[in-house]
Amino acid sequence: MCLEGWIIYNGHLTGNKFRDFAEWIQNAGDRKGIKTKIIKNNHLFSILSDNSSRLLNTSEQSLPDFVVFGDKDIPLARQLEDMQIPVFNSAQAISTCDNKIETYRELSNNKLAIPKTIVAPKIFPGLTQIEQEPFQHVASELGFPLIIKEAYGSFGEQVYLITSFKEMLTKVMELKEVPYVFQQFVSTSFGKDVRINVVGDNVVAAMLRTSKEDFRANVSAGGQMEPYQPSQKEKEIAIAATRAVGADFAGVDLLFGENKEPIVCEVNSNAHIRNIYDCTGVNVADFIMNHIVNEVE
Ligand SMILES: Nc1ncnc2c1ncn2[C@@H]1O[C@H](COP(=O)(O)OP(=O)(O)O)[C@@H](O)[C@H]1O
Ligand SMILES: [Mg+2]
């Protein structure tokens, strides 16, 4: 069978990281003789009506055999799935990973080790005052320092280290209706984590990230990368975490607990793959493409 795929990325994001992922997948497809088209999400409008036409699609003549979804436009991913097109990662997996509250929920339901996480209560827009007393219970449960982490965020930019109750309340007032969690700070992992790339049921690459100046190990926050040989336990938890969120492939971040016990920090359904290539020489795109072909054919 001669497969044809679409690779979707977000047409409005600036910077080349997103287009970059699409091109890497396309090149991996070329190496396997699979034709792909790179399409911006904003060139495909979902039409919801009683009509059979479901995409307001200005240029595409025929539908693909599969879609690699390098975006977080979840309604568009759902629409493609409703049209019976296999989407990788699935809309459900992207949606679960996009929202860290949902991610931790699935990890916790699957009994995987995570930092103790407390979900902030929903607050409607227009907040002017907060009831302070209930937050005391969160502070006593987690102690200081603790982490506040927005549900939606990446590159470490929406993750905060909070050292006192006063600072905690200031952040709570600042975030207002933004969804977020309070989380145990895993101090044994200060400025250090492991990124593991899982594809299907396999770990295909791993790197250790360390930062001298920040508690966050993200490369974009100044973390240094080095290739890493994960233990059997680290591999197993990364694969289990990928499965728990329903992803076909993912970049799983692990923290180091006491005695180096692996703790899942997050699961990225839309992990960039250039850094891991630069660090380890492993092109995750080839594994992703092989996986998709096996699933679709
Ligand atoms: N509970 C925690 N304890 C210690 N370090 C943490 C914790 N949560 C996050 N970090 C650090 O912050 C970084 C960013 O957090 P993460 O949840 O992966 O968000 P992002 O999606 O922004 O990468 C992690 O790579 C890790 O180094
Ligand atoms: Mg991360």
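The values are calculated or read from the model by the stated rules, or taken from the named source; none is laboratory data. Here the structure is a predicted model, which is why all the values come from computation and not from measurement. We place every Cβ from the backbone using ideal geometry, glycine too, and count neighbours over all the protein chains shown. Heads up: the accessible areas ignore ligands, DNA and RNA and are worked out on the full protein's heavy atoms, side chains in. Shrake-Rupley method; radii C 1.70, N 1.55, O 1.52, S 1.80 Å.
The table below gives the values:
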quantity: P(r) weight above 19 Å for the range 117-185, C-alpha pairs, percent; calculated: 25 percent
quantity: Exposure ranking of Tyr180, Tyr152 by accessible area [1.4 Å probe, largest first]; calculated: Tyr152, Tyr180
quantity: The chain, helix-only ellipticity at 222 nm - DSSP H runs n ≥ 4, -39,500 (n - 2.57), divided by all residues, nearest 500; calculated: -9500 deg cm²/dmol
quantity: In degrees, nearest ten, helix 284-296 long axis to first principal axis of the chain (Cα); calculated: 60 degrees
quantity: Nearest-ten-degree value, helix 232-244 long axis tilted from longest Cα axis of the chain; calculated: 70 degrees
quantity: 10 Å-binned pair-distance histogram of the range 67-215 (Cα, whole percent); calculated: 9, 31, 34, 19, 6, 0
quantity: Estimated inter-spin distance, Glu261 and Ser187, nm [label 7 Å along Cα→Cβ]; calculated: 1.6 nm
quantity: Whole-percent carbon and sulfur share, accessible surface of the range 127-210, 1.4 Å; calculated: 49 percent
quantity: Candidates Gln136, Gln224, Gln183, ranked by Gaussian network fluctuation over the chain, Cα under 10 Å, top entry; calculated: Gln136
quantity: Anisotropy class of the range 4-88 from Cα gyration tensor, a/c 1.5 cut; calculated: oblate
quantity: Computed lengthening from Thr210 to Met173, 0.36 nm per intervening residue step minus Cα-Cα distance; calculated: 10.2 nm
quantity: His291, His137, ranked by accessible area, largest first (probe 1.4 Å); calculated: His137, His291
quantity: Chain lengthening between Ser220 and Asn109 when straightened (0.36 nm per residue, less Cα-Cα); calculated: 36.9 nm
quantity: Rel. contact order, % - alpha carbon contacts under 8 angstrom, at least six apart, the range 115-237; calculated: 23 percent
quantity: Diffusion coefficient, µm² s⁻¹, Stokes-Einstein with Kirkwood Rh over alpha-carbon pairs of the chain at 25 °C and 0.890 mPa s; calculated: 121 µm²/s
